[in-house]
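Let me begin by presenting the structure, written as structure tokens, before commenting on it.
Read the figures in this text as sums done on the coordinates, not as results from a lab. Not measured: the values here are computed from a predicted model. For neighbour counting, all protein chains shown are included, and Cβ atoms are generated from backbone atoms with ideal geometry for every residue, glycine included.
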Amino acid sequence: MLPVKVTERTKEISAKDAKSLIPLMVLMVIIFLIFLYWENELNQDVGIMTLEHLYVDHPKSDIPVRYCNSMILRRVIREPDHSCKKEHVFIHERPQIINGVCNSPKKMICGNDSLTLCFQSEQRFKMTVCQLSGGTRYPACRYHSLLTEAFITVSCNVLGPAKFYEYVK
């Protein structure tokens, strides 16, 4: 083999070249922060929409007048298009007891969803049923409260109840 001489050419970056990159770097940081804020805004409601947040009120909140109106505003309960829900239920039982519904032998297909398995409680739970009495767009919804006891039907995942489907008197 013949020896080959390798020469390396390096170009040094001057301070002047580095200073010209600063506005571009600042712009990139600003764009990153805007995307980060935008992503958090889009996902803001997703994190709190658990079954417990939406449907469980134990112990029952001490709201003497207009219970449903207050609770629906506090929990930001509405349809995805921001219209008022026609009916909503608040269950007045400890979350641990509600979690036990997933062990119920009363299994059935959930509504029209033939792929999802639901469980019905073996005992009746105290609850408040909120029925829409006025308004169409959140937050201008007005509700009538009805105290009742009923069985609940939920779908479950590995963490427990995932979705509330209905109550049965």
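Rounded to the nearest 0.05, what FRET efficiency do Ser83 and Arg124 have when you use their Cβ-Cβ distance and R0 = 25 Å? Calculated value: 0.25.
Taking a spot 7 Å from the Cα of Ile97 along the direction of its beta carbon, which residues of segment 104-125 have an amide N less than 17 Å from it? Answer for this model: 104, 120-125.
How would you order 84-94, 58-68 from highest to lowest mean count of nearby Cβ atoms within 10 Å?
Numbers: 84-94: 18.0, 58-68: 13.0.
The packing order, highest mean first, is 84-94, 58-68.
Within segment 104-169, the ratio Rg/Rh, alpha carbon atoms throughout and Rh by Kirkwood, equals 1.06.
Within segment 87-114, name every residue whose backbone N is under 17 Å away from a label modeled 7 Å from Cα of Val168 along the Cβ vector. Residues 101-114 qualify, since their backbone N sits under 17 Å from the label point.
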